[in-house]
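One structure is given below, encoded as structure tokens.
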């Protein structure tokens, strides 16, 4: 009993402390003070201001474009890589697994630096041009999220009944059809979670973006700004800009909605499975 | 039946039969990507680390690193702050994960998601929020740069510690714990002899998820210490901005070596785990 | 004409994986419409053979002909052959209808049509959904699942999944249906039902079934032809009746049905001696030939001649030269009793409807027609009733040998107390474990008997000169026979010592090792 009370107090205490900075930021999104701690009276003004702030909107747009394209590319590449590697001979498979591990355990800044060196090197000696652009940024983000797609798909392949693929061939499917109609649907949950992971990683990234970006996207002739680079540049010497506080509230609410949706989905899925199991039991 | 067998005849006559597509070929684009954008860049780092501005082979960066006191200092501070962050995160996260996974204390799975949820709010924004709060509380980079950095690191990496620890705690064999207390072990003995050994895999992966990222982090120390604390990550960023490529590459190489060592360690651990799993 | 009846023929088919031969020179012709079963223990190559017919594996050597055409290297999706997999391999993301329709939806059939210009052309077209509907409905009807079309696979019971798997295969109207232990995952009652249903389905569909199983009863119930396999090689091909009644060798006899197998020797023309008694028989083998005899438990007749395990001098005198035993155990099996009768150390399994009691002294009678004599494969000495004693020595009747117990379990070792320790640290006590022993002919060393030593001894009964060496038949006091190849000359009736190096004794445990686990 003592343990239960102590445990619950501990859990909630840490939770509140963890959310404190964000909650404070959210609270001060309803006043137009310059910095946190100064209350200038309640107002919603920051919210329209946020949507009128061109800089932030451009950064937001860029962030979303990069997140979606890089997640799509890494999902496609990572899934096919995981499937291919799964059917390689053991030695080859082990080396693919090993190289895949590198970006996961490696310091992000080292990956960022190594990519930068590569792009400069290629630009100087091979293409004789300045390579930094949306494409290098895209490659950077794919390097970041590709391994995570690979490791989300791999366990699904291992769990799959190996005779499913053979069954498809047996029923007249060519290898390509068998992969499309049987293998992919089987590992779809892994592919989806890989995709979501890729989006999350891309949205959050600062270092790789800062190193590999060039001009383009919504910034046109200027360097591509994402939310991360924009916020980083503005908060270096000053407090978080007032409009950003409104943005924090919006992102936070979006996250909360997402968490609630996922929990509800899981809850109903669990219930669904249960009823099926009961149905089967009653038949026996 | 007749047409069927002639169809077979036709195909069979097309000898030698060539299988055009095999599943393993799907790995080719992926492997090319890995070679181009992971292996070659790392080789380039090694190349730049051991060459000078003209591209000739040179130990200048190495000698420069080990003779410049500030650089070695940066390495030690980075290791020190990473160790401290890891330890603090473990001390906070371990009991938390234990309570979260204990059905008697917490039955709410959403609560666990809440601890992970901050990861979905932009990391730079979170760092800014922490900085603003600390400034409000008068713990700013001007007064306490080291403390502010440490708090910022802990804030950021706590979720990464909680997640692996929680997954391991879920797998704890609670009946073993009950049996131990039943046999007269006091709570402390139960913890040392039973819970701790069972949760080692979670601790190892929590450490790998915190230690290296902390050492190499750039944004947190830069923002929270107002540029007063320089870690390896900041130094590499600085070298990169000043196009001091060779020095930056050598520092990156040092980090790579540390990563390599930790990777070896965790791989061995994993192998042992999987072996252990097989016997069960 | 005969050529036309052959639907598939495998000639000299071998499969080697990483240097291990899994299927070895497999030759078999299968007639159209036959129900053929590949029977053997796991690892005997039966599934690999089936997979080569399906096209999942390519033979390392040899060829497979279907209707006279070479399909050895044809990929599976081009073969008119469908498979029912061991664990069904149903597609979990599709419902029952879509699983069954999977093959049909991929199929293209030639459709002849006339263009506006009046030219007749042939084009490959998918089947119309109406045709697919009809075919799926028919297939589901055959397997009795008409009403489950829209159900998710995960909501079906094991038996229902099994039926879907069959429907999915037969809906494509294959020329051959391959079944890879399809009933293995079902419970006993379900399995019996499905056996009969599969047999009925085979009769109705009229296509060739090739069935793989390790269950001999299943094979006997369902098949037209059984192919018994061991270590990648065919041991015997025949009808269930042939295989049951006239097994080619001790292996087949042992595998098919419960049977008593003994080492025996031909004494006279049509007289065979085993278990210390002479029996009349119908098979004619050369005198002194070492043979195996197989007696089915239901073919042994018992007659009570005494009780309380007491074989009196009177009985001995009266039934001299006859086989007498003592009932050692009795189990009621519903329609009959199963007894184990002991004659010395030899066990005789008997099934009889008459009731006897444990301890009864019985006269054991076996009719000449019930004694199946098989030529002994003189490649190895095979001992079917050996056991391990408490000192971890191998006991074959009155002989004791050192042996290597670690071969019974891979990665195992013996601890200081003589327990076998498995790779997972489980401990096994093999005291009294029954084993199947094989000893190569040239692995037995015979020497002149030294009366001062405690040795395994036997008498040389026969000598055959094999060109460059002698082959001796050595009989021990307890009438256990050893056959041995030797370069040295001995005489008939010499008493010799029998020695075998531990590493040359091949042991196989009867039953699972788990029953010897301790702690």
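Restricting attention to region C:17-31, which residues are at pLDDT 90 or above and part of a loop (DSSP other than H, G, I, E, B)? Within region C:17-31, no residue meets the criteria. Candidates are the residues of region B:133-146 that are more than 9 Å from every other protein chain (Cβ to nearest Cβ) and either assigned to a helix (DSSP H, G or I) or touching a residue at least 12 places away in the same chain (Cβ under 8 Å) (or both); the one that is surrounded by the most Cβ atoms within 10 Å (Cβ to Cβ) is B:141. Within region C:186-227, being farther than 20 Å from residue C:241 by Cβ and part of a helix (DSSP H, G or I) holds for C:188, C:189, C:190, C:191, C:192, C:193, C:194, C:197, C:200, C:201, C:204, C:205.
Output the helices (runs of 4 or more DSSP H) that fall wholly within region A:42-130 and possess 3 or more residues being within 14 Å of chain B (Cβ to nearest Cβ) and surrounded by 15 or more Cβ atoms within 10 Å (Cβ to Cβ), or say none. Once the helices (runs of 4 or more DSSP H) in region A:42-130 are filtered for at least 3 residues that are within 14 Å of chain B (Cβ to nearest Cβ) and surrounded by 15 or more Cβ atoms within 10 Å (Cβ to Cβ), what remains is A:54-86, A:90-105, A:108-122.
Scanning region C:80-130 for residues that are away from every other protein chain (no Cβ under 14 Å), without any contact (Cβ under 8 Å) to a residue 60 or more places away in the chain and assigned to a helix (DSSP H, G or I) yields a count of 3. If the condition is being free of Cβ contacts under 8 Å to residues at least 60 places away in the same chain, at the interface with chain A (Cβ under 10 Å from one of its Cβ atoms) and within 25 Å of residue B:210 (Cα to Cα), then region B:35-84 contributes B:37, B:38, B:39, B:41.
The residues of region C:131-151 that are surrounded by fewer than 10 Cβ atoms within 10 Å (Cβ to Cβ) and part of a helix (DSSP H, G or I) amount to a single one, C:147. For residue B:229, the criteria (1) more than 9 Å from chain A (Cβ to nearest Cβ); (2) over 16 Å from the mean Cα position of the chain (by Cα); (3) within 15 Å of residue B:78 (Cα to Cα); (4) part of a helix (DSSP H, G or I) hold in every case but one, which is (4). Of all positions in region C:281-293, at least one carries a residue that is closer than 29 Å to residue C:380 by Cβ, touching a helix residue (DSSP H, G or I) at 6+ places or on another chain (Cβ under 9 Å) and surrounded by fewer than 16 Cβ atoms within 10 Å (Cβ to Cβ).
Can you find even one residue in region C:477-484 that is under 28 Å from residue C:274 (Cβ atoms) and without any contact (Cβ under 8 Å) to a residue 40 or more places away in the chain? Checked against the condition, which is being under 28 Å from residue C:274 (Cβ atoms) and without any contact (Cβ under 8 Å) to a residue 40 or more places away in the chain, region C:477-484 yields no hits at all. Scan region C:385-406 for residues that are more than 12 Å from residue C:433 (Cα to Cα) and buried (at least 20 other Cβ atoms within 10 Å of the Cβ) and jot them down. Answer for region C:385-406, where residues must be more than 12 Å from residue C:433 (Cα to Cα) and buried (at least 20 other Cβ atoms within 10 Å of the Cβ): C:396, C:399, C:403. When the strands (runs of 3 or more DSSP E) confined to region C:410-513 are screened for residues that are over 27 Å from residue C:292 (Cβ atoms) and in the same structural domain as residue C:400 (by TED's automatic domain parsing), those reaching at least 1 such residues are found at C:444-448.
In region C:41-58, which residues are part of a loop (DSSP other than H, G, I, E, B), within 23 Å of the chain's Cα centre (by Cα) and either within 14 Å of chain B (Cβ to nearest Cβ) or crowded, with 22+ Cβ neighbours inside 10 Å (or both)? Residues satisfying the conditions are C:44, C:45.
Among the residues of region B:109-132, none is identified as more than 7 Å from chain A (Cβ to nearest Cβ) and not in a helix (DSSP H, G or I). Of the numbered criteria (1) away from chain A (no Cβ under 11 Å); (2) under 30 Å from residue B:66 (Cβ atoms); (3) at pLDDT 85 or above; (4) surrounded by fewer than 20 Cβ atoms within 10 Å (Cβ to Cβ), the one residue B:244 fails is (3). Residues satisfying the criterion are absent from region C:266-273 (criterion: more than 23 Å from residue C:231 (Cα to Cα), in the same structural domain as residue C:316 (by TED's automatic domain parsing) and within 25 Å of the chain's Cα centre (by Cα)). Taken residue by residue, region C:264-277 has at least one member that is part of a loop (DSSP other than H, G, I, E, B) and crowded, with 18+ Cβ neighbours inside 10 Å.
Here is a yes/no grid of residues against (1) in contact with a helix residue (DSSP H, G or I) (Cβ under 8 Å, 6 or more places away or on another chain); (2) modelled with pLDDT under 90:
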| position | (1), (2) |
| --- | --- |
| A:3 | no, yes |
| A:7 | yes, yes |
| A:12 | no, no |
| A:15 | yes, no |
| A:25 | yes, yes |
| A:29 | yes, yes |
| A:39 | yes, yes |
| A:42 | yes, yes |
| A:46 | yes, yes |
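Residues that are more than 18 Å from residue C:35 (Cα to Cα), under 29 Å from the mean Cα position of the chain (by Cα) and within 11 Å of chain A (Cβ to nearest Cβ) within region C:161-183 comprise just one, C:165. Taking region C:179-188 as the range and being modelled with pLDDT of 85 or more and surrounded by fewer than 23 Cβ atoms within 10 Å (Cβ to Cβ) as the test, the residues that pass are C:180, C:181. The set of residues in region A:184-209 being at the interface with another protein chain (Cβ under 8 Å from one of its Cβ atoms) and surrounded by fewer than 24 Cβ atoms within 10 Å (Cβ to Cβ) consists of A:185, A:186, A:188, A:200, A:203, A:204, A:206.
The values are calculated or read from the model by the stated rules, or taken from the named source; none is laboratory data. Bear in mind the structure is a predicted one, so any value in this text is a computation, not a measurement. Positions of Cβ are generated from backbone atoms using ideal geometry, with glycine treated the same way; all protein chains shown enter the neighbour counts.
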